[in-house]
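Take a look at the structure set out below.
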Amino acid sequence: MAEVKVKVQPPDADPVEIENRIIELCHQFPHGITDQVIQNEMPHIEAQQRAVAINRLLSMGQLDLLRSNTGLLYRIKDSQNAGKMKGSDNQEKLVYQIIEDAGNKGIWSRDIRYKSNLPLTEINKILKNLESKKLIKAVKSVAASKKKVYMLYNLQPDRSVTGGAWYSDQDFESEFVEVLNQQCFKFLQTKAETARESKQNPMIQRNSSFASSHEVWKYICELGISKVELSMEDIETILNTLIYDGKVEMTIIAAKEGTVGSVDGHMKLYRAVNPIIPPTGLVRAPCGLCPVFDDCHEGGEISPSNCIYMTEWLEF
């Protein structure tokens, strides 16, 4: 008599237990888990049971669905964002997550399409819906005037997107920069004149003519000539242009930790300089002081043909 083999089916696991175990795995791996990880941790659970549990967690807003190079990722959802995305479908949640991961530098719709693998028409529809809910916003980038990047609604765009204090609606504020240039130089000139009028010995006069970038920044802020908030880094950028123009010199000194205007135990000091005699000939060539000399070549973004300093020198 032939032996009859009977296949024993494993008992169905409790769906709640499967969901709880998936949540535990997501907490153990906050960057996300793949379906393979879930399968390895629960080998006795059928694929259909895992899929039901995952879909239920996604529909309840407890998991985020992400796409990576290795496939789909499941990540525990932040409780704050869970409320925002309540009622959204999985595709909308996926696009929102991609935009969130981009941070304050934003992301182009083309890159959203690549990461989500969704049709462009569907992405445009989702973007408009998220914008209407004020969950995301579109920001014009100075790097590409005809393109917009998307980021979360409450984020302040990065300087690389807006251009910082020197740009307004993607236009470079050359007049504003020139006014700042003049006022910074005026402040340093006044400080140098005050030092000379003190009639002290030359070394004390020289030391008194220096001002820190913090002092210049404070002076500009008190003038109230800027509609945007300027940082010390912004002011140091202006001071650097004065150095390149040969109007200002800079020195770096050691400073006590915690001293106003110091960074990593160092402080930058600036002072206005007046050459005894005007330089002539090749000494005035701007290339010798140019900070981007190595990047300058004909046909490039920086070249002698579009250099304003070279043009001024040739006209002289």
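Tabulated results
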item: Some residue of the range 239-251 being aliphatic (A, V, I, L, M), open to solvent by 40 Å² or more (accessible area, probe 1.4 Å) and modelled with pLDDT of 85 or more; result: yes
item: Single condition Ala165 does not satisfy, out of (1) without any contact (Cβ under 8 Å) to a residue 60 or more places away in the chain; (2) farther than 25 Å from Lys77 by Cα; (3) hydrophobic (A, V, I, L, M, F, W, C); result: (1)
item: Selection count where residues are acidic (Asp, Glu) and under 39 Å from the mean Cα position of the chain (by Cα), scope the range 11-59; result: 4
item: Some residue of the range 253-263 being open to solvent by less than 50 Å² (accessible area, probe 1.4 Å) and in contact with a strand residue (DSSP E or B) (Cβ under 7 Å, 6 or more places away or on another chain); result: yes
item: Tabulated pairs, the range 110-128, first over 16 Å from Tyr96 (Cβ atoms), second assigned to a helix (DSSP H, G or I), C-beta under 7 angstrom, 6+ apart or interchain; result: Leu120/Arg113
item: Pairs, first in a loop (DSSP other than H, G, I, E, B) in the range 34-62, second open to solvent by 90 Å² or more (accessible area, probe 1.4 Å), C-beta under 7 Å, six or more apart; result: Thr34/Thr70; Gly61/Lys86
item: Identity of the residue in the range 11-33, part of a loop (DSSP other than H, G, I, E, B) and open to solvent by 60 Å² or more (accessible area, probe 1.4 Å), that ends up modelled with the highest pLDDT; result: Phe29
item: Those residues of the range 209-230 which are open to solvent by less than 50 Å² (accessible area, probe 1.4 Å) and not aromatic (Phe, Trp, Tyr), in sequence order; result: Ser209, Ala211, Ser212, Ser213, His214, Val216, Ile220, Ser226, Leu230
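The values are calculated or read from the model by the stated rules, or taken from the named source; none is laboratory data. Model, not experiment: these values are computed from the prediction. Neighbour counts are summed over all protein chains in view; Cβ atoms, including those assigned to glycine, are modelled from backbone coordinates with ideal geometry. Just so you know, the surface numbers come from the protein's heavy atoms only, side chains and all, with ligands and any DNA or RNA stripped out. Shrake-Rupley method; radii C 1.70, N 1.55, O 1.52, S 1.80 Å.
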